[in-house]
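Student: Before I ask anything, here is the structure I am working with.
The values are calculated or read from the model by the stated rules, or taken from the named source; none is laboratory data. Because the structure is a prediction, the values reported are computed rather than measured. All Cβ positions, even for glycine, are placed from backbone atoms using ideal geometry, and neighbour counts span all protein chains on display.
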C-alpha cells in the first residue's frame, strides 16, 4: 500500500477511536472493530483471526490483540508492552510486519480483551524494540489521542510532534478498570442505587497514583458522579464495615433538596455491595481512606 494512503487511514482511525471512546468509555465490541470503521466508503477491519492484524491491502499491521485466554505471555507495565511474535519463526509475514512497523516508526493500535468480545483500545502504539532472538517486540503505549487537525497530517509528522496538540489523555488500565467495576456492581451506584451507567464512575479507594492503587475491582467503588466527587473531597466517608458517613459540617447545612436527599440522607446507610463477595471493597484500603476522612474532618 502507498505510504501516504496508509498514513491517512491510520490518522482517520485514531480520530474514529477517539470519537467512539467518548461515547463508549473506552471499551469496544468485536463487531464494531470488524465492521464499523470506514475509510472513503469502504470497511477497514481492525481486528481479525490473527493477533497481529493486516486489513486487506496493508503491508504493515494496523493492530495487535491480546485475548483473555491468549497462548502467549504478553505483559505490560509502566506503559511498555512486551508482545510475543506469532509462532517461533521470526521470518513469517506477521512477525515481518511488526518489524516493518518498528523500522518505519508506524503507529499501531493495541486491543486488549477485558472479557470475550470486548476490548480496551490503546493507541498510538509505537514499537521501540524488536527482539527476534526472544521472539517478541517491546512497544510504548503512548496513550494519546489525536484531534481534528490530524486528519490532514502524515502519521510521521504526528509522531515527530509527539501528538503535542492532542487534547485527551487517560491512564493505562482506566477503561478496563471502569468496565470491570461497573460490571461487578451491576451498573449501580454503591451509595444511592442509581442505575444509569452513563452517570457512573469507577472510583479508586486508593488513588491510582499510589503504588497500592492497583486497577482491581476490590480497590474500586461504583459511584455516581456526585458521590464520586463527594468521596474524593471527603464530604462522604466509608468505614471498613461498609457504612456511609457524611461529614458533620455538611450534616448541619441547609441548602435545598439535593443536599438533603443527595448527601445528608446517605448518612448511616450501608453500601450496596457486588453480587460476588470476592469483588467487595477491600477493608484494609477502606480503613486507610477512612482514617484520611477522619483526619480531614478534625
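Student: Give just the number: which of (1) surrounded by 15 or more Cβ atoms within 10 Å (Cβ to Cβ); (2) under 24 Å from residue 186 (Cβ atoms); (3) in contact with a strand residue (DSSP E or B) (Cβ under 9 Å, 6 or more places away or on another chain) does residue 280 not satisfy?
Tutor: Of the numbered conditions (1) surrounded by 15 or more Cβ atoms within 10 Å (Cβ to Cβ); (2) under 24 Å from residue 186 (Cβ atoms); (3) in contact with a strand residue (DSSP E or B) (Cβ under 9 Å, 6 or more places away or on another chain), the odd one out for residue 280 is (3).
Student: Give the residues of the stretch 206-224 that are modelled with pLDDT of 95 or more and either buried (at least 21 other Cβ atoms within 10 Å of the Cβ) or farther than 20 Å from residue 274 by Cβ (or both), sorted by residue number.
Tutor: If the condition is that a residue be modelled with pLDDT of 95 or more and either buried (at least 21 other Cβ atoms within 10 Å of the Cβ) or farther than 20 Å from residue 274 by Cβ (or both), then 217, 219, 220, 221, 222, 223, 224 are the ones that fit.
Student: Right, another one. Any residue that is surrounded by 18 or more Cβ atoms within 10 Å (Cβ to Cβ), touching a strand residue (DSSP E or B) at 6+ places or on another chain (Cβ under 7 Å), modelled with pLDDT under 90 and in a strand (DSSP E or B) - is there at least one of those in the stretch 97-109?
Tutor: The answer is no; no qualifying residue exists.
Student: I need the full set of residues from the stretch 1-43 which are under 20 Å from residue 182 (Cβ atoms) and part of a helix (DSSP H, G or I), in order please. Reasoning before the result, please.
Tutor: Going residue by residue through the stretch 1-43, those that are under 20 Å from residue 182 (Cβ atoms) are 20-30, 32.
Those that are under 20 Å from residue 182 (Cβ atoms) and part of a helix (DSSP H, G or I): 20, 21, 22, 23, 24, 30, 32.
Student: If you don't mind, another one. Confirm whether residue 38 is exposed (fewer than 15 other Cβ atoms within 10 Å of the Cβ) and in contact with a helix residue (DSSP H, G or I) (Cβ under 9 Å, 6 or more places away or on another chain). Don't jump to the end; show me each part of the working.
Tutor: On the way: exposed (fewer than 15 other Cβ atoms within 10 Å of the Cβ): yes; in contact with a helix residue (DSSP H, G or I) (Cβ under 9 Å, 6 or more places away or on another chain): yes.
It is true that residue 38 is exposed (fewer than 15 other Cβ atoms within 10 Å of the Cβ) and in contact with a helix residue (DSSP H, G or I) (Cβ under 9 Å, 6 or more places away or on another chain).
Student: Within 26 Å of residue 46 (Cα to Cα) and either in contact with a strand residue (DSSP E or B) (Cβ under 7 Å, 6 or more places away or on another chain) or modelled with pLDDT of 85 or more (or both), is that true of residue 146?
Tutor: In short, no.
Student: Test of understanding: among 77, 32, which residue is at pLDDT 95 or above, surrounded by fewer than 18 Cβ atoms within 10 Å (Cβ to Cβ) and within 18 Å of the chain's Cα centre (by Cα)?
Tutor: 32
Student: Quick one: count up the residues across the stretch 225-249 that are free of Cβ contacts under 8 Å to residues at least 60 places away in the same chain and surrounded by 18 or more Cβ atoms within 10 Å (Cβ to Cβ).
Tutor: 12
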